[in-house]
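Data first, discussion second: the structure below is written as structure tokens.
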Amino acid sequence: MIKSMTGFGRYEEKFDGRSIYVELKSVNHRYLEFSCHTTRGYSFLEDKLKSLIQNRVSRGKVDMLVSIEADTSKECEIEVNHSVASGYVNAMKELIKVYHLPDDISVSSLTRYSDIFSVHKVNENEEELWQMVQSVANKAIDNFVAMREIEGKRMEYDIRSHSDIILDIISKIEKRSPITVQEYSIKLKNRIQELIGDYKLDEQRLITEVAIFADKVAVAEETVRLRSHFMQLDEFLRSDCPVGRKIDFIIQEMNREANTIGSKVADAEIAHLVVDLKSEIEKIREQIQNIE
């Protein structure tokens, strides 16, 4: 089953003294890119949460929000980051000096910069907290993956619909191709007869010319390879593994075969079919850009 790279999931659960909320959303990305935003003081959880995601997701730009409500049964401890505070004060003094501004530096002005302070619970049991966050995160990820699977089913249906159209076009090209050779043989014979009049036609030379033409416009190899690519595509669509990159490669190969057919044909009907063929392949290509 293929999965979409776009998705959304969330879950919230209340524990003794606190509420934990986890939300995930993702968009297309060539690789897995993960970013996490946690409530201040709980950044130690981010690496653990990244490992959870890596076990369930292989591609996409995933953003996670983790909100942890304070445990009212425990006291808070607030620490001042003096090096950061000193940096802000020095920067403000430089602005005052350079731009001749009024000196209005105060404690209240410094409190606007949240990175000066760090807040954490006294005697916070990090392992116990992680077990709670992990439980909520896993359920949020379950919802997130389920949504990606639902979207993946829709994409699979659309891809298979375009595949059926393409296979029908290939059948029409295969049916029309030998007819073009027959038509060329008749036209060539009539044209030569017009030129030589009552003179005897060199049948062997005519056969040779027709054979050369048939070889130039033959597309059997390309259509066989196209069908083979669609068999691979079908296998990938049934796979439980991430296959987005593999399908992308197959689509590139399909485009090459379609371009080769287009460069060979000397028949207006087949040329129109090739345009339709390339259009349908492009529709699949657009869809697979969103497959994990």
Note: among 40, 59, 10, 18, just one is touching a strand residue (DSSP E or B) at 6+ places or on another chain (Cβ under 7 Å) and modelled with pLDDT of 95 or more, namely 10
Could you check residue 103 against (1) of a type outside the set (A, V, I, L, M); (2) under 24 Å from residue 23 (Cβ atoms); (3) assigned to a loop (DSSP other than H, G, I, E, B); (4) touching a helix residue (DSSP H, G or I) at 6+ places or on another chain (Cβ under 6 Å) and say which number it fails? (2)
In the list 37, 29, which residue meets the criterion of being in the same structural domain as residue 144 (by TED's automatic domain parsing), exposed (fewer than 15 other Cβ atoms within 10 Å of the Cβ) and in a loop (DSSP other than H, G, I, E, B)? 29
Of all helices (runs of 4 or more DSSP H) fully inside the stretch 191-292, the set with 3 or more residues that are modelled with pLDDT under 85 and among the aliphatic types (A, V, I, L, M) is 203-217
Step by step: first the residues of the stretch 22-52, then only those that are out of contact with any helix residue (DSSP H, G or I) (no Cβ under 7 Å at 6 or more places or on another chain) and β-branched (Val, Ile, Thr), then the one that is nearest to residue 113 (Cα to Cα). Which residue is that? 39
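Filter the stretch 62-100 for residues that are hydrophobic (A, V, I, L, M, F, W, C), assigned to a loop (DSSP other than H, G, I, E, B) and at pLDDT 85 or above and give the result.
Passing the criteria: none in range.
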Does the stretch 102-124 hold any residues that are without any contact (Cβ under 8 Å) to a residue 24 or more places away in the chain and loosely packed, with under 11 Cβ neighbours inside 10 Å, and which are they? 102, 103, 104, 106, 107, 108, 111, 112
Working only within the stretch 1-21, note down all residues that are part of a loop (DSSP other than H, G, I, E, B), of a type in the set (A, V, I, L, M) and surrounded by 16 or more Cβ atoms within 10 Å (Cβ to Cβ). 2, 5
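Table: residues versus (1) over 21 Å from the mean Cα position of the chain (by Cα); (2) β-branched (Val, Ile, Thr).
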{"site": "2", "(1), (2)": "no, yes"}
{"site": "13", "(1), (2)": "yes, no"}
{"site": "27", "(1), (2)": "no, yes"}
{"site": "38", "(1), (2)": "yes, yes"}
{"site": "77", "(1), (2)": "yes, no"}
{"site": "87", "(1), (2)": "yes, no"}
Can you tell me which residues in the stretch 102-116 are at pLDDT 85 or above and more than 19 Å from residue 40 (Cα to Cα)? 102, 103, 104, 105, 106, 107
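The values are calculated or read from the model by the stated rules, or taken from the named source; none is laboratory data. This one's a predicted model, so the numbers in the text were calculated from it and none came from an experiment. Here Cβ is always computed from backbone atoms with ideal geometry, including for glycine, and neighbour counts include all displayed protein chains.
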